[in-house]
Ligand code: ADP
């Protein structure tokens with residue numbers, strides 16, 4: 001597997017959880033997986049050995065026992081990253097072209113021949129082209145599109161290095177002065193996957209395909225939607241290592257203890273008495289945070305709920321959430337930055353988790369919330385639509401609250417609806433029990449991925 005993120009070594013979002021969860025589940029079912037990542041400055045790990053590739057770049061090998069894949073970190077001399085994983089400029093193009101070139105030398109350098117190269121997102125989308133250019137060991141490729149909103153779209157000048165000439169020619173288009181790495185990978189890979197069945201359909205349209213829909217429609221016969229799974233060793237209220245209290249059933253007093261501790265930590269007043277709505281999210285336009293922020297004043301005025309918000313990202317969204325927290329002390333708490341402990345406390349201790357995304361390829365936080373009996377309030381898009389069923393109090397079926405429109409009125413309606421269930425003990429116990437039973441373990445997904453790997457290898 002070739003990727004830019006792998007939890008916990010290098011993580012900014014769900015991609016890291018997905019590559020780690022899938023690769024570990026594949027190992028657990030007997031497959032031999034090796035992980036290739038860039039060597040970021042921020043990675044805290046000790047290499048067991050270092051291999052030098054033909055082109056002078058190096059691979060640091062990190063050994064992992066316990067049925068986890070060995071991880072190789074690719075180091076490019078002179079390529080200084082900042083403290084964050086991505087620079088957002090031409091250095092990213094450089095880093096990930098070099099990563100693709102390293103992938104093409106991997107089998108020869110390590111003496112380990114993969115049956116399939118599984119590439120994740122634009123960061124690894126040049127691997128098929130690099131393998132073809134190297135012309136040596138040729139195994140089939142699978143490219144997973146975790147988020148079509150990030151395409152590796154660069155001005156052609158970003159590929160000016162003589163080392164990258166073959167890629168510049170491969171990516172060049174008479175029509176565009178820019179290169180689009182994800183588009184090239186979507187053409188080149190033997191099989192394509194994305195992270196939910198609904199998103200697999202959505203990205204064939206201009207609204208969600210974001211310019212890639214033409215290529216994806218052409219290749220729809222090799223495109224499969226497979227939901228991400230959850231690593232229940234980490235995300236499970238029975239043994240979550242981040243939590244002091246553990247529980248397994250609806251209405252558990254331990255969940256209330258976690259909620260009270262969360263409210264104390266965040267300064268939410270009367271936390272035990274009022275419904276708490278959590279949010280754990282990158283703050284990006286995709287996530288619909290601005291729509292939630294616009295709805296919050298009215299929700300706060302018309303209900304007694306409180307908000308526990310955690311996220312970092314776009315400065316305008318950070319300052320909007322800070323402003324709401326200042327104006328509603330005791331009812332709105334906002335923690336900025338990346339904080340694993342508070343993420344777990346919010347997901348476990350809140351009554352609801354809101355995910356108001358404009359689009360969401362899969363979404364992981366709603367899956368975590370379900371397992372903690374924290375009721376997801378989500379927009380009906382992508383993986384959110386595939387994993388949360390709107391609760392019907394009459395039949396007692398459903399796992400959360402689902403709204404359709406990306407506007408403040410729809411969120412306000414959804415929260416008011418969800419609060420009615422919260423106030424009705426029989427509905428609430430039923431809803432929490434349904435949520436707690438949802439199973440999104442990786443084991444089921446492994447079978448689907450192996451079927452895609454077999455298709456990539458072609459008829460035997
Ligand atoms: P995306 O990959 O688009 O960011 P996902 O829902 O697939 O969205 O995954 C988000 C992951 O990142 C989850 O594991 C979530 O808990 C984590 N996360 C998001 N923001 C933060 C934060 N500020 N602190 C800690 N974890 C976060």
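Assorted remarks:
- Flag for residue 171 being modelled with pLDDT under 90 and in contact with a strand residue (DSSP E or B) (Cβ under 6 Å, 6 or more places away or on another chain): yes
- Residue in the stretch 260-278 that is at pLDDT 95 or above and within 13 Å of the ligand (Cβ to nearest atom) present: yes
- Hits in the stretch 134-170 (condition: closer than 30 Å to residue 455 by Cα, in a helix (DSSP H, G or I) and touching a residue at least 24 places away in the same chain (Cβ under 8 Å)): 134, 166, 167, 170
- Residue within the stretch 74-88 that is crowded, with 23+ Cβ neighbours inside 10 Å, in contact with a strand residue (DSSP E or B) (Cβ under 6 Å, 6 or more places away or on another chain) and not in a helix (DSSP H, G or I) present: yes
- Selection status of residue 190, surrounded by fewer than 22 Cβ atoms within 10 Å (Cβ to Cβ) and under 24 Å from residue 74 (Cβ atoms): yes
- Residue check for residue 352: closer than 21 Å to residue 228 by Cβ, buried (at least 20 other Cβ atoms within 10 Å of the Cβ), more than 16 Å from the chain's Cα centre (by Cα) and at pLDDT 95 or above: no
- Criterion violated by residue 52 - all others in (1) farther than 18 Å from residue 111 by Cα; (2) free of Cβ contacts under 8 Å to residues at least 60 places away in the same chain satisfied: (1)
- Members of the stretch 384-396 found to be in contact with a strand residue (DSSP E or B) (Cβ under 9 Å, 6 or more places away or on another chain), outside any loop (DSSP other than H, G, I, E, B) and more than 10 Å from residue 355 (Cα to Cα), listed by number: 385, 386, 387, 390
- Residue 255 being within 27 Å of the chain's Cα centre (by Cα), farther than 12 Å from residue 344 by Cβ and away from the ligand (no atom under 16 Å from the Cβ): yes
- Of residues in the stretch 217-256 being assigned to a helix (DSSP H, G or I) and in contact (Cβ under 8 Å) with a residue 40 or more places away in the chain, the one farthest from residue 421 (Cα to Cα): 222
- Residue match in the stretch 450-458 (condition: touching a helix residue (DSSP H, G or I) at 6+ places or on another chain (Cβ under 7 Å) and modelled with pLDDT of 95 or more): no
Quick grid of which residues meet (1) closer than 27 Å to residue 360 by Cα; (2) loosely packed, with under 14 Cβ neighbours inside 10 Å; (3) in contact with a strand residue (DSSP E or B) (Cβ under 8 Å, 6 or more places away or on another chain):
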residue	(1), (2), (3)
104	no, no, no
108	no, no, no
118	yes, no, yes
126	yes, no, no
135	no, yes, no
147	yes, no, no
152	yes, no, yes
156	no, no, yes
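- Condition check for residue 269: touching a residue at least 60 places away in the same chain (Cβ under 8 Å), in a loop (DSSP other than H, G, I, E, B) and surrounded by fewer than 22 Cβ atoms within 10 Å (Cβ to Cβ): yes
For every residue, the table says whether it meets (1) in a loop (DSSP other than H, G, I, E, B); (2) within 16 Å of the ligand (Cβ to nearest atom); (3) within 22 Å of residue 448 (Cα to Cα); (4) under 23 Å from the mean Cα position of the chain (by Cα).
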site	(1), (2), (3), (4)
12	yes, yes, no, yes
17	no, yes, yes, yes
27	no, no, yes, yes
42	yes, yes, no, yes
50	no, no, no, no
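- Scan of the stretch 366-397 for residues that are touching a helix residue (DSSP H, G or I) at 6+ places or on another chain (Cβ under 6 Å), without any contact (Cβ under 8 Å) to a residue 40 or more places away in the chain and surrounded by fewer than 24 Cβ atoms within 10 Å (Cβ to Cβ), ordered by number: 393, 396
- Among the conditions (1) modelled with pLDDT of 95 or more; (2) within 15 Å of residue 123 (Cβ to Cβ); (3) surrounded by 23 or more Cβ atoms within 10 Å (Cβ to Cβ), the only one that residue 22 does not satisfy is (2).
- The stretch 366-383 - residue that is within 30 Å of residue 205 (Cβ to Cβ) and out of contact with any strand residue (DSSP E or B) (no Cβ under 8 Å at 6 or more places or on another chain) and, of those, nearest to the ligand (Cβ to nearest atom): 383
- Residue, modelled with the lowest pLDDT, within the stretch 1-10, restricted to residues that are more than 11 Å from the ligand (Cβ to nearest atom) and in a loop (DSSP other than H, G, I, E, B): 9
The values are calculated or read from the model by the stated rules, or taken from the named source; none is laboratory data. Note that the structure is predicted; figures quoted are calculated from it, not measured. Methodologically, a virtual Cβ is constructed for each residue, glycine included, from the backbone with ideal geometry; neighbour enumeration extends over all protein chains shown.
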